[in-house]
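Read the figures in this text as sums done on the coordinates, not as results from a lab. Source: prediction; values computed, not measured. Here the Cβ positions follow ideal geometry from the backbone for every residue, glycine too, while neighbour counts run over all protein chains shown.
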Amino acid sequence: MQLAQTIQLFIYLVVPLMIDPIMTFSALAIAIVLSIPFLFLKQRSYFLGKANTETANKNMSVISEIFSGLRVIIANSKQEKMINLHKNVFTQHVNATIKSQILAQSIQSIYYPIGIAAAICSMGISVYLGMKLSDTAIVLWSLFRAIPILGTLIRTNINISNFIPSYEQLEILKDRANQSSIDNGEVKLVNFKDKIIFKDVEFYYSSNKPIFNKLDIQIFSNKLNAIIGKSGSGKSTLLDLLMRMQIPTKGNIFIDGIDLQDLDINSYRNIIGYVPQEPFLFNGTIKDNLLWAAENKTDKEILEACELANAKSFIINTTDSLETFIGDNGIMLSGGQKQRISIARSLLRKPQILILDEPTSALDNETEIAIKETINNLKNKLTIIVVTHRLGLIEKANNIINIDKLNNQVI
Ligand SMILES: Nc1ncnc2c1ncn2[C@@H]1O[C@H](COP(=O)(O)OP(=O)(O)OP(=O)(O)O)[C@@H](O)[C@H]1O
Ligand SMILES: [Mg+2]
């Protein structure tokens, strides 16, 4: 826009410059001198833009928090509190937006009469110097055209300062994403045959307190590997390290002797089936959710996976069976049903390594026993890594890693 406006401005000034350079230059000089104070508004515009970006961020974060915490809010009768909180941040955002919009819109309106006054002054100079009135009229007409463009040019320039803070925010996010990006290796993993070794693994989150300090563990293929330990001891973190969602601060993790950092991470994750501690389901049908991680599976294969996860009986009893719609994050299902679908989804992928983080935390005893049987049946066919507080689930485990008892474990 600025480039187009500058070119336009030159075109409008060619004729007056040819007819009456003195009047044109004096009008331009006055207009430019008068626009200098406006350029000081750039700083103000930048700060208003910054306030606008910050309040917009806050507003969005409160809205999304309210929606995701709706149940907790209603159960605690805190609707009023949250509505007021939102009103508050929204009002702040409205105020910030109004200020920056007023600044943006008023610049041009204020500049226009000032510019016209500059043109009229220069006309006076021109007449005083004895220019022909007809020439002066043509020049004045061109100047009247050119001056609003100059006004727009100043306005867009100041508007850019208003947008810089949100652009900077984007750059900061990009930098942070680049800093925490995980380098991808080149070695493709097709089959996991032998074992995973954690060697002298040290890991910190942002604080100085290490979660792991010289952690040495082994996970064996085609065995049932159990990870146990107190709440907060680092079991889920260990799984994150294993899937390279987090990178050890020191030390290495080897998969069949290959350093995890040299592996093509997608090839590795392709052979993994992961059931997170908090099951996450997409808004859609049960079938959509199951096929999401493993496309092209037949209904027969889907039902087999559901049977293994002990989910089949409840699914076929719902009105639309596999086509039952489950809502946002499976809101129409019970906690245990969500957990079982989440297990079925990872089994459907036919993974070589099945990672289960507290797979039975929301299940009753009977269902837990069924899941236990599934785990025991799969035990020699694939590698299972299960994190659990329920020791009954891992009676037949071949390898038990007790995080609390590891020598150098700090927490
Ligand atoms: N993203 C994070 N940033 C900072 N600290 C974290 C983060 N995630 C976990 N922690 C901390 O790391 C420690 C280990 O957490 P982790 O989730 O691995 O525990 P856990 O053994 O899985 O516990 P639980 O049995 O309750 O699931 C905890 O003290 C926790 O506060
Ligand atoms: Mg955990």
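Cross-linked pairs K188/K350; K58/K230; K214/K235: Cα-Cα separations exceed 24 Å for K58/K230. Considering the zone a paramagnetic label at N88 would reach in this model (a point 7 Å from Cα along the Cα-to-Cβ line), which residues of region 43-67 have amide N under 20 Å from it? In region 43-67, the label zone of N88 (backbone N under 20 Å from the point 7 Å along Cα→Cβ) covers 51-67. With both residues required to sit in region 195-405, DSSP beta bridges show an antiparallel share near 45%. Both the radius of gyration and Dmax for the chain are 33.7, 108 Å, in that order, over alpha-carbon atoms. The angle separating the long axis of helix 79-128 from the principal Cα axis of greatest extent in the chain is about 20 degrees. Computed from Cα atoms, the angle from the helix 133-179 axis to the main principal axis of the chain rounds to 20 degrees.
For the pair I125 and N377 in one chain, pulling the backbone fully straight at 0.36 nm per residue adds 80.8 nm over the alpha carbon distance. Normalised by residue number, the volume inside the convex hull of the Cα atoms of region 195-405 is 123 Å³ per residue. Across region 186-283, the convex hull enclosing all Cα atoms gives 132 Å³ per residue. Distance from the Cα centroid of region 47-112 to that of region 119-134 is 52 Å (rounded to whole angstrom). Comparing mean-square fluctuations of G124, G49, G151 from a GNM of the chain with C-alpha springs under 10 Å, the top value falls on G124.
DSSP loop (so not H, G, I, E, B), at most 10 other Cβ within 10 Å: list which chymotrypsin sites (Phe, Trp or Tyr not before Pro) in region 13-69 pass both filters. When the chymotrypsin sites (Phe, Trp or Tyr not before Pro) of region 13-69 are filtered for loop state and at most 10 Cβ neighbours within 10 Å, F40 remain.
Would you mind pulling out the separation of the Cα centroids of region 137-174 and region 333-411, in Å? Rounded to whole Å, the Cα centres lie 61 Å apart. Only Cα pairs under 8 Å and 6+ residues apart enter the sum, and on that basis the relative contact order of region 2-179 stands at 45 percent. Amide H contacts under 5 Å for A309: none, restricted to partners 5 or more places along the chain or on a different chain, H placed in the peptide plane at 1.01 Å from N.
The Cα-based radius of gyration and maximum Cα-Cα distance (Dmax) for region 15-163 are 24.5, 85 Å.
Can you tell me, using C-alpha contacts under 8 Å and at least 6 residues apart, the relative contact order of region 195-405 as a whole percent? The normalised contact order for region 195-405 reaches 32 percent.
From most to least packed by mean Cβ count within 10 Å, the peptides 185-197, 229-241 give 229-241, 185-197. Helix 41-68 and the longest principal axis of the Cα set of the chain meet at an angle near 30°.
Comparing Y128, Y268, Y205 in a Gaussian network model of the chain, where Cα atoms under 10 Å apart are tied by springs, the biggest mean-square fluctuation is seen for Y128.
Near I227, the amide H atoms lying under 5 Å from its own belong to V386, V387, T388, I401; only residues 5 or more places off or on other chains count, and H is placed 1.01 Å from N.
Using modelled amide H (1.01 Å from N, peptide plane; none on Pro or chain starts), what sits under 5 Å from the amide H of E202, excluding residues fewer than 5 places away? Placed amide hydrogens put K214, L215, T249, K250, G251 under 5 Å from E202.
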